[in-house]
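Engineer: One structure follows; several queries about it will come next.
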Amino acid sequence: MSRILVTGGTGYIGSHTVVCLLEQGYDVVIADNLSNSDLRVLDGIEAITGIRPPFEKTDCLDCEALGRIFDRYSDIEAVIHFAASKAVGESVEKPLLYYRNNIGSLINVIEQMNNHGVKHLVFSSSCTVYGQPDSRHLPVSEAAPRRQATSPYGNTKQINEDIITDVAHSKADFRAVILRYFNPIGAHPSALIGELPNGVPNNLLPFVTQTAIGIRKELKVFGNDYNTPDGSCIRDYIYVMDLARAHVKAVEYMLQGKADEQVSIFNLGTGRGLSVLEIVKKFISVTGANLPYVIAPRREGDIEQVWADPAKANKVLGWKADTPIEDVLTSAWRWEQHLKKIREKKA
Ligand code: UD1
């Protein structure tokens, strides 16, 4: 079976993808600098799959170290490149960090792929490349125009997409799949792996679960005066395990020679938009947890509403995000309860 190099493989989406790859019989090697993850993730992966994948503590900015991984694992046939910095607010404060890390890492990964004859790349992009689409472009398909990025983080995703396209033009046998994620949430149903936010979470779901478990006093719903049915923002929340499965499909699509275009772009979402208040209400009703929340002013830079048209991924990859939102919210809650148990054990 083919081996897949997963950069950022101990991170949130990376770890769930590693589980799916191992379950489908792929060999994996993880490269991660552990800047935003923890080695204990490997224990979770092993507990779920029975396999402890090889791990290389490597920073993708270290091109030579990356090259040594390709030397050591000569059976690598594809790379899934997750490793990147992803905090939008931090990227505004530290733009050079984001440009250096996110762009330098991709360049090094592709350079070492070229040096070692590896031709298949899956890249983590984001729906942030669409900005706020016009209403005629909602739900948003891959044909919708990209908009000027509103943060350095978003700009790195656009630049990376362009780098991949330029490389493809220069090398006839290079294949890439660019996956534009909508809003990934939830955790593996075992609650053995999940999201580990660093400090105060920026994203909605970790803030919801941390509030419900008592770490945060209350959730702030950022704005209820948007032009949406209940006034709060609308997003396409996609279960991280559904998202992870799409990566396996993307790898198969290339390795099985089905990728006619050199660069294929897919939106990964459910096709269903949910408002912040809908998420809050569903979370309370599904988990029975107490979730204090207040309406707060709008958050700067937020877009009003975006959700995916995933028809292309549904048809071409034969993939669908079909886990009911109730199960997704339950998984996020079970993960937060698991983290609480670990904290209590330590205390
Ligand atoms: C953000 C990034 C996006 C990135 C994604 C990673 C922006 C503009 N976009 O998406 O580029 O790929 O994270 O997951 O920053 N909310 C609250 N209270 C909270 C937290 C969030 O009401 O405490 C609301 C937000 O206003 C938003 C929704 O929840 O309407 C989702 O927010 P979030 O989880 O941060 O994701 P995005 O902003 O959509």
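The values are calculated or read from the model by the stated rules, or taken from the named source; none is laboratory data. Note that the structure is predicted; figures quoted are calculated from it, not measured. Virtual Cβ from ideal backbone geometry, glycine too; neighbours counted across all protein chains shown.
Engineer: With the requirement that a residue be among the polar types (S, T, N, Q) and in a helix (DSSP H, G or I), what does segment 42-63 give you?
Structural biologist: Across segment 42-63, the qualifying residue is only Thr49.
Engineer: Among all residue pairs at least 6 apart or on different chains, which show Cβ distances below 8 Å where the first residue, located in segment 179-199, is assigned to a loop (DSSP other than H, G, I, E, B) and the second is of a type in the set (Ser, Thr, Tyr) and within 12 Å of the ligand (Cβ to nearest atom)?
Structural biologist: Correct list of pairs: Phe182/Tyr237; Gly194/Tyr12; Glu195/Tyr12; Leu196/Tyr12.
Engineer: Go through (1) among the polar types (S, T, N, Q); (2) over 23 Å from Glu252 (Cβ atoms); (3) more than 16 Å from the ligand (Cβ to nearest atom); (4) out of contact with any Phe, Trp or Tyr (no Cβ under 8 Å at 6 or more places or on another chain) one by one and return the number of the condition Gln158 breaks.
Structural biologist: (3)
Engineer: Assuming Ile279 fulfils every condition listed in (1) in a strand (DSSP E or B); (2) within 15 Å of the ligand (Cβ to nearest atom); (3) buried (at least 18 other Cβ atoms within 10 Å of the Cβ); (4) of a type in the set (A, V, I, L, M) apart from one, which condition is it?
Structural biologist: Of the numbered conditions (1) in a strand (DSSP E or B); (2) within 15 Å of the ligand (Cβ to nearest atom); (3) buried (at least 18 other Cβ atoms within 10 Å of the Cβ); (4) of a type in the set (A, V, I, L, M), the odd one out for Ile279 is (1).
Engineer: Please state which one of Ile238, Ile325 is surrounded by fewer than 23 Cβ atoms within 10 Å (Cβ to Cβ) and either touching a Ser or Thr at 6+ places or on another chain (Cβ under 9 Å) or under 22 Å from Val79 (Cα atoms) (or both).
Structural biologist: Result: Ile325 is the single residue among Ile238, Ile325 that is surrounded by fewer than 23 Cβ atoms within 10 Å (Cβ to Cβ) and either touching a Ser or Thr at 6+ places or on another chain (Cβ under 9 Å) or under 22 Å from Val79 (Cα atoms) (or both).
Engineer: Among the numbered criteria (1) touching a helix residue (DSSP H, G or I) at 6+ places or on another chain (Cβ under 6 Å); (2) assigned to a helix (DSSP H, G or I), which one does Val122 miss?
Structural biologist: (2)
Engineer: Which ones in segment 64-90 are modelled with pLDDT under 95 and not in a loop (DSSP other than H, G, I, E, B)?
Structural biologist: Hits for segment 64-90 are Val88, Gly89, Glu90.
Engineer: For segment 201-229, how many residues meet the condition of being among the hydrophobic types (A, V, I, L, M, F, W, C), within 12 Å of the ligand (Cβ to nearest atom) and in contact with a helix residue (DSSP H, G or I) (Cβ under 8 Å, 6 or more places away or on another chain)?
Structural biologist: Total satisfying the criteria: 6.
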